[in-house]
Structures are given as structure tokens and as C-alpha cells.
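Notes follow once the structure below has been shown.
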Amino acid sequence: MRPEFLPFHLPSISDEEVESVVAVLRSGWLTTGPVVERFQREFGVYIGAPYALALNSGTAALHLALVAFGLGPGDEVIVPTLTFTASAAVVTHCGATPILVDICPDTLTIDPERVEQAITPRTRAIMPVHFGGQPCDMDPLLDIARRHDLRTVEDAAHSLPARYKGRTVGTLGDITCFSFYATKTLTTGEGGMATTANPEWARRMRSMGLHGISDDVWTRYTAAGSWYYEVLSPGFKYNMADLAAAIGVVQLKKVDRMRDARVRIAQRYNRAFAEMPALEIPVVRTHSESAWHLYPLRLRPECMTMDRNRFIEELKKRNIGSSVHFIPLHLHPYYQRTFGYRPGSFPNAEEAFERLVSLPVYPNMTDADVDSVIDAVQELTRQPVG
Ligand SMILES: *Cc1c(COP(=O)(O)O)cnc(C)c1O
């Protein structure tokens, strides 16, 4: 057994990030300014998106996207049930209604057929969530959106960087929202980014993300700015600080290297677990490249002596952290109480949830760390003899 606890996640922070933050602290300018502007510019170039807006969370990005679309009471947004609550909560922040749908049982991403079935005259947008880092099957979703005149906002909190049929996530739908929360594949501690090719949505998000102030709000934060401004709407306070962007610009330079490290770990897990009857390795579509933010392993408890919860406890006893992504939204009290969902509403997500366990997958893991996870998983899932 490994002697020290292996956390489920550790961020990759080097001296360079530390020095970058210290430089901002010494600069006299802590909030939105030149470093945020640089981070946005470099992120947009990296993704290939004409507009990139840095914000103080991925949730803020999702909310602003819906605000930019002009969503309000009476509108519906289709969201997969296997996601984090933020995906659906921002819909309610607009006064609109999240309509949950089930996932594909193999890839765990939103099922385009269920999306089409869920469309009503009130539907205004679809929110594909690129679960674990794997892009949703975007072509059918974009086709549905075109045919029904719906907007698409992608929850790309897990998928930096990821590709779908050679196209980078962040350039596929109308607006894409990334998260830089501490556990995500690029972190600024807390932070997020919205990308789009549409100048009008970009302008609305920028204004509504900073108090609904008109004009070029950014000039207020530079030497060129003046004291004058006009408030056009009751906006939000969602801007990113230079302090956070200072971490982001350094992280962005190594985002591909960090992804390669996660891919290598995922491949080692895949090789070790593929032939084990008690384990189901993650399915990635042949034309897609996952960011491998998560390694969502599924257990087959009928081939084991324990269930998923016990498995997690046993991993912990062996000094290995793990997690579960996600408790489907329709199983939470709020969504049941408010929208009438029940256990059984979305069988694919529930069946997956019962068996899912996310293993550690992050660049700081050593080969010995990966070996220790593999050993523990194999020990716990080896078929009982006879
Ligand atoms: C992390 C996460 C978010 C929210 O991002 P924050 O930056 O924490 O606001 C949204 N959706 C999913 C699927 C996430 O995992």
C-alpha cells in the first residue's frame, strides 16, 4: 500500500505562476487590467475564437451567455441531468426553466434524440455539457439547433483542450463556457472564460458582466479611461482580476503539455482495466479527443464483492482519493421539489451514477502514483476465485 495519501486532484502550480502573481501584486493594479486583456487575447488565439471574455467563474460565463441570448421567464433551456448544478442553476437565474434530459449510456454525454424529443414552442437554447472532457456529439446537436432556431451554449468546464472532428471545443456552438476552478485542467483559483464568434453576444456579455455599463467598459480600467460612464442595465459583477489572470497566462502556456500528461495516465488506466470483467473503461468517440479532465470508470458490481460506495471507501483505506461525477440533477431535492423530477426519470444517468467513480488524473502524478491506483483498483475488483 502507498505510504501517503494521493489526493483526488492537485493543481500544477510552479514558481512561474507564483512569480507572475507577485509581479501583479507589486504592480499596483490588482483588478481587471492589462493581464486580463493579455489572457483573453492569448486564450482566443489558442482556441481559435474571435472573442474571449475572462470572468470570475465558469458559472458566471454560463449565466452571461444566457443573458446575452436574452432568455427570460417562459423560456426553456435543455440541459443534461448528468452535470454540476451550475449548468441548470444559471437557467433559473434568468427566470427560465431548465429541461433536463438523459445521456447516451456509452459516452455519458447528452443524447441528441432526447434533446429533440424535449423541444417545445418555449425552447430557446440547448446546453451540451462536455462530460469529463469528451465533446458531446455536436453535429446532430447543432443540426437540431439550426432546424428549431435554438441557441447553443456549451458547458466546457471539463474540456480544455478538446476536439470534435478536428474542430476545437470553443469554436463549435454559439457561446462556449470554460471554468478555471481549482480542480479544472487550467486553473486561476476561481475563474472562467466565454468564447464566441458573434460580436453582439460578446459585447452584451462584456457589458452585463460589469454592472451593465455602456461604452467600452474596459477603457475605464486603463490610463485612457475617464470618470464618465453610463449604466444601461442592472448588470452583474463577473469580471476577472489581473491577480487571477496572472496565473492563467502561465497555465495557458503549458495547457497542451498538461493534457498530454493526462492522456498518458488515461491510456495506462485503459490498458490496465480494459480486460477486467468488473470494470468498464470510458468510451471516447473515434473522431473526438477528450481533455481527460476526469477518468470516469464504471464498475460492474455484479462482478464484484462490493458496491461503488464501498469501493471508494476501500480506495481511501489504501490512501487513494477518488470522487463521483455527478449525482444526476434530477435526484437532488431542489430539482425534484421545483420541477417534479423523480428517481427513474432518467434511467441512463441513474444507472451510470450508481457505478461511476472518478480516478485521479492530473499531471503531477508520478508513474508510481499511477501504478498504485492501478494496483488498488485491480485488487478490489479481481473476481472472487471459484
Ligand atoms: C466546475 C463546473 C462548472 C462551474 O464552474 P465554476 O468555475 O466553478 O463556476 C460548471 N459546469 C460543470 C460541469 C463543472 O464541472
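List the relative contact order of the range 299-386 as a percent without decimals, with contacts defined as Cα pairs under 8 Å and 6+ residues apart. Could the numbers behind the result be given before it?
On the way: 72 pairs, mean separation 35.5, N = 88.
For the range 299-386, the relative contact order is 40 percent.
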Please list, in chain and number order, the residues 5+ apart from Ile99 or on another chain whose amide H is under 5 Å from its amide H, with Hs placed from the backbone.
Val77, Ile78, Val79
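Ignoring ligands, DNA and RNA, what percent of the 1.4 Å accessible area of the chain is carbon and sulfur? Please report the intermediate quantities before stating the final value.
Working: 8680 of 16470 Å².
Reported share for carbon and sulfur atoms: 53 percent.
Give me the compactness ratio for the chain, meaning the Cα radius of gyration over 2.2 N^0.38 Å.
Numbers: Rg = 21.4 Å, N = 386, 2.2 N^0.38 = 21.2 Å.
Expressed relative to 2.2 N^0.38 Å, the Cα Rg reads 1.01.
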Gyration tensor verdict on the range 162-219 (Cα atoms; rounded if a/c is under 1.5, prolate if a/b is larger than b/c, oblate otherwise):
oblate
I'd like to know which of Pro328, Ser358, Phe339 lies farthest towards the positive end of the charge dipole of the range 277-386, counting +1 on Cβ of Lys and Arg and -1 on Cβ of Asp and Glu.
Phe339
At R0 = 30 Å, how high is the FRET efficiency between Asn198 and His287 if r is their beta carbon distance? Nearest 0.05 is fine.
0.70
Quick one: what are the phi-derived ³J(HN,Hα) couplings along the range 80-93, Karplus 6.51/-1.76/1.60 with θ = phi - 60°, whole Hz, x for glycine and proline?
x, 6, 8, 7, 7, 4, 4, 4, 8, 4, 5, 5, 5, 4
Rounded, prolate or oblate, given the Cα gyration tensor of the range 1-112, with a/c below 1.5 counting as rounded?
oblate
Simple SL model, points at 7 angstrom along Cα→Cβ for Thr366 and Val22; separation in nm is 2.7
Provide the percentage of antiparallel DSSP beta bridges, counting only those with both residues in the chain; round to the nearest 5.
60
Name the residue, out of Thr83, Thr187, Thr305, whose mean-square fluctuation peaks in a Gaussian network model built on the chain with Cα pairs under 10 Å.
Thr305
What shape does the range 82-200 take by its C-alpha gyration tensor, where a ≥ b ≥ c are the square roots of the eigenvalues and a/c under 1.5 counts as rounded, a/b above b/c as prolate, and the rest as oblate?
rounded
Are there trypsin sites (Lys or Arg not before Pro) in the range 91-195 that DSSP marks as loop and that have at most 16 other Cβ atoms within 10 Å, and which are they?
Arg122, Lys165
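Counting Lys and Arg as +1 and Asp and Glu as -1, each charge on the Cβ, what is the dipole of the range 111-150 about the Cα centre in debye, to the nearest 20? The partial results should precede the final answer.
Numbers: 5 positive and 7 negative charges, 51 e Å.
Computed charge dipole of the range 111-150: roughly 240 debye.
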Charges on Cβ only, +1 for Lys and Arg, -1 for Asp and Glu, centred on the Cα centroid of the chain; of Val250, Gln134, Gln378, which one is farthest towards the dipole's positive end?
Val250
Which peptide among 27-33, 287-293 comes first, and what is the full order, when sorted by highest mean count of other Cβ atoms within 10 Å?
287-293, 27-33
Most fluctuating of Met193, Met205, Met276 in the GNM of the chain (C-alpha, under 10 Å) is Met276
Just need the relative contact order of the chain here, percent rounded to a whole number, with Cα pairs under 8 Å and 6+ apart.
22
Just to be sure I understand: of the beta bridges DSSP finds with both ends in the range 66-158, what percent are antiparallel, rounded to 5?
10
Return the single residue from Arg262, Arg298, Arg337 with maximal mean-square fluctuation; model: Gaussian network over the chain, springs between Cα atoms under 10 Å.
Arg337
Partner lysines whose C-alpha sits under 21 Å from that of Lys184, ignoring same-chain residues fewer than 8 away, are Lys253, Lys254
Checking the cross-link filter: which aspartates and glutamates have an alpha carbon closer than 16 Å to that of Lys316, excluding same-chain neighbours under 8 positions apart?
Glu4, Asp307, Asp369, Asp371, Asp375, Glu379
Per-residue HN-Hα couplings for the range 42-57, Karplus 6.51 cos²θ - 1.76 cosθ + 1.60 at θ = phi - 60°, whole Hz, x for Gly and Pro?
5, 5, x, 5, 4, 6, x, 10, x, 10, 9, 10, 7, 9, 8, 6
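Size of the dipole of the chain about the Cα centre, Lys and Arg at +1 and Asp and Glu at -1 on the beta carbon, nothing else charged, in debye to 20?
Values: 39 positive and 44 negative charges, 39 e Å.
That gives the chain a dipole magnitude of about 180 debye.
Based on the mean of other Cβ atoms within 10 Å per residue, sort peptides 279-286, 352-359, 13-20, 226-233 so the most packed one is first. Present the calculation step by step, with values, prior to reporting the outcome.
Details: 279-286: 16.8, 352-359: 20.4, 13-20: 14.1, 226-233: 10.0.
Descending mean neighbour count gives 352-359, 279-286, 13-20, 226-233.
The values are calculated or read from the model by the stated rules, or taken from the named source; none is laboratory data. Since the model is a prediction, treat every value here as computed from it, not as a measurement. Please note: Cβ atoms are built from the backbone with ideal geometry, for glycine as well, and neighbour counts cover all protein chains shown. Ligands, DNA and RNA are excluded from the accessible area calculation, which covers all protein heavy atoms including side chains. Shrake-Rupley method; radii C 1.70, N 1.55, O 1.52, S 1.80 Å.
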